[in-house]
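Trainee: Input: one structure, supplied below.
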Amino acid sequence: MIRERAYPVEPWHVRETRLDVDVLAQSESVFALANGHIGLRGNLDEGEPHGLPGTYLNSFFELRPLPYAEAGYGFPESGQTIVNVTNGKLIRLLVDDEPFDVRYGELFDHERVLDLRAGTLHRSVLWRSPAGKRVRISSTRLVSFTQRSVAAIRYEVEPVDEPLRLIVQSELVANEVLPAQSRDPRVAAVLESPLESEEHLALEDGGLLVHHTRASGLRLAAAMGHELDGPTRTTLSTETFDDWARTTVTCVTQPGERIRLDKYIAYGWSSERSRPALRDQVGAALAGARFSGWSGLLAEQRDYLDAFWDTSDVRVEGDPEVQQAVRFGLFHVLQAGARAELRPIAAKGLTGPGYDGHVFWDTETFVLPVLTYTLPSAVVSGLRWRHSTLNMAQERARTLGLNGAAFPWRTIRGQECSAYWPAGTAAFHIAADIADAVRRYVQATGDLDFEREVGLELLVETARLWRSLGHHDRAGRFHLDGMTGPDEYTAVKSDNIYTNLMAQRNLLAAAEAVGRHGDHAWRLGVDDEETAAWRDAANAMHIPYDAELRVHQQVEGFTQLQEWDFAGTPPEKYPLLLNYPYFDLYRKQVVKQADLVLAMHWRGDAFTAEEKARNFAYYERRTVRDSSLSACTQAVLAAEVGHLELAHDYLGEAALMDLHDLNQNTRDGVHVASLAGAWIALVAGFGGMRDHADILSFTPRLPNRIDRLEFSLVWHGHRLRVDVRERETTYALRNGDRSGTVDLLHHGERVRVTCDEPVTKPNPPPSAVGPTPQQPPGRAPARRASVAESAGSAPPIEPQTPGKPQA
Ligand code: BGC
């Protein structure tokens, strides 16, 4: 596990000042670079030592069998696993006659810095070989946001004391040997040699490899080209074989001189395109990269990120650790989704092989809400991808005897890949999660073209699913039986409250969208009778409630189940799913992750303030947070019901999930939903932002240690900036053309914001709240107050210059 404060607290960098080979796999995930299309783990340039080598292309997968001891009807037959593709980031170095390897010789300095504004990973090293030869090595790596198929590395070596013969080998390597993975069932299955060679070719100053997968039938091309700057007598040559290409640079360099190699890497893959077409595609991408050159690529990267931070930065005064973490989180969210372009955003992004590289509901429920208000174009792409898989979801619904579309619980290409149906197929709520992402995006942007072309069909097909899944009882109430909600420790039950409330909104949103796009809806076969049936179901949706305890039930009968013996559960038995049978978890009141509490966030309009407070306290005592998707939601609700310090603790957990490796599995990739959750915890928690209706509402209130919180939201093309201080909140519009108005609610009061003048409103004094709710023994989040105190306070927020991010 990465120790606390492994990375010094800095506002815009994640810095590792000393190489710790024991935690290499974790730091490879933290330092992973991606653009939504290409993902490079933060492996050392020379490839070894490594925790887990990893290079990924979004949706480049291999099929693997899903063996069942006892098969059943409708079980998916094969799984999909992300493939570690051709590694183009390898650069090995021979110093005189010894390979540069941090395990040998002496390492004086070793620093790696992830620069969140430059979008680069920089490494600088001072090393002495076992023969006593000292060299300085530095490398800077980027995965381009502006040139989607391109990554690049600047690699420099300099002798320190005496002339040295330096040999740099820059490579492309396919079918790398991967270390064995852990026993944790969530970890990706290892695929040995998944790539079959089709072609290898030496280029003028680089090489190209083409491979394909055996079962999934995908073809991949990877190419590299170089620009060299070194002493006059420097030679460069390339050789290629089936699984590798190597460009070798040789020279003798004097102290004070250096050799510099700029490496451009291009990737392309396709299920359709021919070998020549792919070869030309990567050739063209390389040409484009070289045309920009290293400094051009760096400048484009910086401009792209300047624009992103200008609309998306969140500033937190008083808790510098959270400040750093929320930016780190936003950076990884961006890396996961920026250039996915009709491909999914996976739970680990493109940072590791965890969960086989699958996409879950994490995307629509945690990641897309953040992107809706920061980078809406990425939401269009994510939902268009879902839409492109609609035929598979429809087919799956038919297999299950249902109407509409049954989207997969986990997948890469669109087919259901979950082999465990109680926590897979039965988690039908993913349909409503997708529908809600559509609703939110359209509400926040007014993009009716998107709604007509893409959103409408997603809404209609998911509404049809709900209508066919549920039934009206004799009293007319509508029930959804046999559902698994977000809490995977409660499965296949009646009337999961989260599912019911989200399905309710799904049914109504579909009926409303049909009203807006009558002709298109008619073409989808929707008539008045059908929308009336959706409305009836929504209006009659059963919401389980325990009148005696005066709390809602997560599922029908939940509050009558036996209590879990928390006192008798030692800390090492968590996560419970790895230590207790599902049978036992399912029949007791133990909650893996926010479920009813999540319903109180996204469907907060369905609960009164008093109900929220009572429910929150009840479920806190039973929620163990064995999923990283829980803390952010608990932060949001803790803040809403007035437990601001507890909310701050949960914010810390969500934000530091990977920087502190809190769940001890960052090695498999970062937790993109939890990182997005840091933004959610701040904006929806302390900003109190809700988007239940077509007007944004805010109920800002800060915990003791956060003095000031500033964030921006894109709303109908306007850029709304919210600046929360202890006693007041200022809303400002920052539109380029200085026109437009935004109406919003501040603690229930309607406020109009124009570009002319910011509006400042007082925050009402905090109302009295009861005692802080308790968690199961040993499951309380780490206390933030003391940590924030010892980390010192952040520099004050300076006034903002439009177009430039703040230091
Ligand atoms: C959680 C799911 C989540 C998945 C991927 C599981 O542990 O329970 O809700 O979708 O991880 O992040």
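Trainee: Restricting segment 469-528 to residues that are of a type in the set (Asp, Glu) and within 16 Å of the ligand (Cβ to nearest atom), which is surrounded by the most Cβ atoms within 10 Å (Cβ to Cβ)?
Mentor: 487
Trainee: Out of curiosity, is residue 538 buried (at least 17 other Cβ atoms within 10 Å of the Cβ) and under 17 Å from residue 405 (Cα atoms)?
Mentor: No.
Trainee: In the set 405, 444, 435, which member is over 28 Å from residue 482 (Cβ atoms), away from the ligand (no atom under 16 Å from the Cβ) and either small (Gly, Ala, Ser) or not in a helix (DSSP H, G or I) (or both)?
Mentor: 444
Trainee: Quick one: count up the residues across segment 541-582 that are on the phi > 0 side of the Ramachandran plot and among the small types (Gly, Ala, Ser).
Mentor: 1
Trainee: How about segment 589-684: which helices (runs of 4 or more DSSP H) wholly inside it have at least 3 residues that are modelled with pLDDT under 95, within 16 Å of the ligand (Cβ to nearest atom) and out of contact with any strand residue (DSSP E or B) (no Cβ under 9 Å at 6 or more places or on another chain)?
Mentor: none
Trainee: Look through segment 240-253, keep the residues that are more than 38 Å from the chain's Cα centre (by Cα) and not hydroxyl-bearing (Ser, Thr, Tyr), and return whichever of them is surrounded by the fewest Cβ atoms within 10 Å (Cβ to Cβ).
Mentor: 252
Trainee: If you don't mind, there's one more thing I want to ask. Can you name every residue in segment 763-807 that is over 30 Å from residue 563 (Cα atoms), surrounded by 12 or more Cβ atoms within 10 Å (Cβ to Cβ) and modelled with pLDDT of 85 or more?
Mentor: 763, 764 - these are the residues of segment 763-807 that are over 30 Å from residue 563 (Cα atoms), surrounded by 12 or more Cβ atoms within 10 Å (Cβ to Cβ) and modelled with pLDDT of 85 or more.
Trainee: Let me ask something else about it. Out of the residues in segment 12-66 that are part of a strand (DSSP E or B) and of a type in the set (D, E, K, R), state the one that is modelled with the lowest pLDDT.
Mentor: My answer is 64.
Trainee: For segment 211-267, which positions are out of contact with any Pro (no Cβ under 6 Å at 6 or more places or on another chain), of a type in the set (Ser, Thr, Tyr) and farther than 25 Å from residue 198 by Cα?
Mentor: Across segment 211-267, the qualifying residues are 232, 234, 235, 250.
Trainee: Sticking with this structure for a sec: List pairs: first in segment 274-295 and farther than 11 Å from residue 223 by Cα and in contact (Cβ under 8 Å) with a residue 60 or more places away in the chain, second of a type in the set (Val, Ile, Thr) and surrounded by 14 or more Cβ atoms within 10 Å (Cβ to Cβ), Cβ under 8 Å, 6+ apart or cross-chain?
Mentor: 275/210; 288/150; 289/150
Trainee: Going by the conditions given, is residue 288 outside any strand (DSSP E or B) and of a type outside the set (Ser, Thr, Tyr)?
Mentor: Considered against the rule, which asks whether it is outside any strand (DSSP E or B) and of a type outside the set (Ser, Thr, Tyr), residue 288 comes out as yes.
Residues are listed down the side, and each one gets a yes or a no for (1) away from the ligand (no atom under 15 Å from the Cβ); (2) out of contact with any strand residue (DSSP E or B) (no Cβ under 7 Å at 6 or more places or on another chain); (3) of a type in the set (Gly, Ala, Ser); (4) modelled with pLDDT of 95 or more:
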position	(1), (2), (3), (4)
334	yes, yes, no, yes
347	no, no, yes, yes
357	no, no, yes, yes
360	no, yes, no, yes
363	no, yes, no, yes
370	yes, yes, no, yes
378	yes, yes, yes, yes
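Trainee: Still on this structure, please answer the following. Name the single residue, out of those in segment 380-399 being away from the ligand (no atom under 16 Å from the Cβ) and of a type in the set (D, E, K, R), that is farthest from the chain's Cα centre (by Cα).
Mentor: The selected residue is 398.
Trainee: Oh, and also: Go through (1) among the aliphatic types (A, V, I, L, M); (2) surrounded by fewer than 21 Cβ atoms within 10 Å (Cβ to Cβ); (3) not in a helix (DSSP H, G or I) and name the single condition residue 316 misses.
Mentor: Every condition holds for residue 316 apart from (2).
Trainee: Next up: Select the helices (runs of 4 or more DSSP H) contained entirely in segment 476-569, then report the ones holding at least 3 residues which are aliphatic (A, V, I, L, M), under 19 Å from residue 431 (Cβ atoms) and within 29 Å of the chain's Cα centre (by Cα). Break it down into steps so the answer makes sense when it comes.
Mentor: On the way: elements: 497-516, 518-523, 528-539.
Per the criteria, 497-516.
Trainee: Out of all the residues in segment 577-588, which are within 16 Å of the ligand (Cβ to nearest atom) and surrounded by fewer than 18 Cβ atoms within 10 Å (Cβ to Cβ)?
Mentor: Result: 578, 579, 580, 582, 586.
Trainee: May I pose another question? Can you find, within segment 83-115, the residue that is surrounded by the most Cβ atoms within 10 Å (Cβ to Cβ) among those that are touching a Lys or Arg at 6+ places or on another chain (Cβ under 6 Å) and without any contact (Cβ under 8 Å) to a residue 60 or more places away in the chain?
Mentor: Among them, the one singled out is 105.
Trainee: Going by the structure shown, is residue 178 crowded, with 24+ Cβ neighbours inside 10 Å, more than 16 Å from the ligand (Cβ to nearest atom) and either at pLDDT below 95 or of a type outside the set (D, E, K, R) (or both)?
Mentor: Numbers: crowded, with 24+ Cβ neighbours inside 10 Å: no; more than 16 Å from the ligand (Cβ to nearest atom): yes; either at pLDDT below 95 or of a type outside the set (D, E, K, R) (or both): yes.
In short, no.
Trainee: While we're looking at this one, here's another question. Only one of (1) assigned to a loop (DSSP other than H, G, I, E, B); (2) in contact with a strand residue (DSSP E or B) (Cβ under 7 Å, 6 or more places away or on another chain); (3) under 30 Å from residue 417 (Cα atoms) fails for residue 233. Which number is that?
Mentor: Only one criterion in (1) assigned to a loop (DSSP other than H, G, I, E, B); (2) in contact with a strand residue (DSSP E or B) (Cβ under 7 Å, 6 or more places away or on another chain); (3) under 30 Å from residue 417 (Cα atoms) is unmet by residue 233, namely (3).
Trainee: So, one more: Would you tally the residues in segment 400-426 being over 20 Å from the mean Cα position of the chain (by Cα) and closer than 15 Å to residue 461 by Cα?
Mentor: The total comes to 7.
Trainee: Got a number for residues in segment 67-82 being in a loop (DSSP other than H, G, I, E, B) and either at pLDDT 95 or above or surrounded by fewer than 18 Cβ atoms within 10 Å (Cβ to Cβ) (or both)?
Mentor: Adding up the residues that qualify gives 10.
Trainee: Sort through 262, 242 and tell me the only one that's among the acidic types (Asp, Glu), under 22 Å from residue 55 (Cβ atoms) and in a loop (DSSP other than H, G, I, E, B).
Mentor: 242
The values are calculated or read from the model by the stated rules, or taken from the named source; none is laboratory data. Since the model is a prediction, treat every value here as computed from it, not as a measurement. Because the Cβ atoms are built from the backbone with ideal geometry, glycine has one as well, and the counts that use them run over all protein chains shown.
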